[in-house]
Amino acid sequence: MKTSIYFLLAIGMLFHSCGSGESTETAAPDGDASTTEAPQTLDGHDSQNSLDWMGTYAGVLPCADCEELQIEVTLEEKSRYSRKMIYKGKSKTPLLSAGKFEWNEAGSEITLKSFKGNNQVYKVGENTLIFQMPEGDSGDYVLTKVVEKVEASV
């Protein structure tokens, strides 16, 4: 019976020490005591939930086998997108596609998912989409949000 009481006390002390929320001190290699830092927590502000990201964005992207790639991307509710691309100097007919996009864990980038596997990644900013090159170099390939003009009634 005494063993059971000691066991329960030991378990209780273990849970108390793990959940106390107090900072602990660790000895640095040079012998100084320092406080360990708590992991940083996100404040909930990211592109996904802080920006007005729905809308149409237009710009020019690099093209390996044409003059330039004029692109227009529309982001919609329920993670849907539509895209229009014109390969300047190669074709006058726009290439239209649509599908779903996914946010990264940080809520700062989206990936336009393609059935053919030609996914495109964009960093989402204030009224901009910044194309992320597959090699990691983002360059200056920025799509700007298109502001629809409201006609004034007379």
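Observations on the structure shown:
- Inter-residue pairs, beta-carbon under 9 Å, first over 20 Å from Glu76 (Cα atoms) and in the stretch 124-150, second modelled with pLDDT under 75 and part of a strand (DSSP E or B), 6+ apart: none
- The stretch 75-112, subset among the charged types (D, E, K, R) and touching a helix residue (DSSP H, G or I) at 6+ places or on another chain (Cβ under 9 Å), residue farthest from Asn49 (Cα to Cα): Lys100
- Enumeration of residues in the stretch 104-134 that are of a type in the set (Phe, Trp, Tyr) and over 15 Å from Ala58 (Cα atoms): Phe115
- Verdict on Leu95 being surrounded by 14 or more Cβ atoms within 10 Å (Cβ to Cβ) and modelled with pLDDT of 90 or more: no
- Contact annotation: residue pairs with Cβ atoms under 9 Å, 6 or more positions apart or on different chains, pairing a residue in the stretch 39-63 that is under 17 Å from Ile110 (Cα atoms) and β-branched (Val, Ile, Thr) with a partner that is surrounded by 13 or more Cβ atoms within 10 Å (Cβ to Cβ) and at pLDDT 85 or above, are Thr56/Glu72; Thr56/Val73; Thr56/Thr74; Thr56/Leu75; Thr56/Ser82; Thr56/Lys145; Thr56/Val146.
- The residues of the stretch 132-146 that are farther than 15 Å from Asn104 by Cβ and at pLDDT 90 or above, listed by number, are Tyr141, Val142, Leu143, Thr144, Lys145, Val146.
Here's the yes/no breakdown for (1) at pLDDT below 95; (2) under 20 Å from Leu143 (Cβ atoms); (3) of a type in the set (A, V, I, L, M, F, W, C):
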position	(1), (2), (3)
Ala27	yes, no, yes
Gly31	yes, no, no
Gln40	yes, no, no
Asp43	yes, no, no
Leu51	yes, yes, yes
Glu77	yes, yes, no
Ile86	no, yes, yes
Ile110	no, yes, yes
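- Looking only at residues of the stretch 82-103 that are in a strand (DSSP E or B) and in contact with an Asp or Glu (Cβ under 6 Å, 6 or more places away or on another chain), we find that the one that is nearest to Ala58 (Cα to Cα) is Lys84.
The values are calculated or read from the model by the stated rules, or taken from the named source; none is laboratory data. Model, not experiment: these values are computed from the prediction. Cβ: placed from backbone, ideal geometry, glycine included. Neighbour counts: every protein chain shown.
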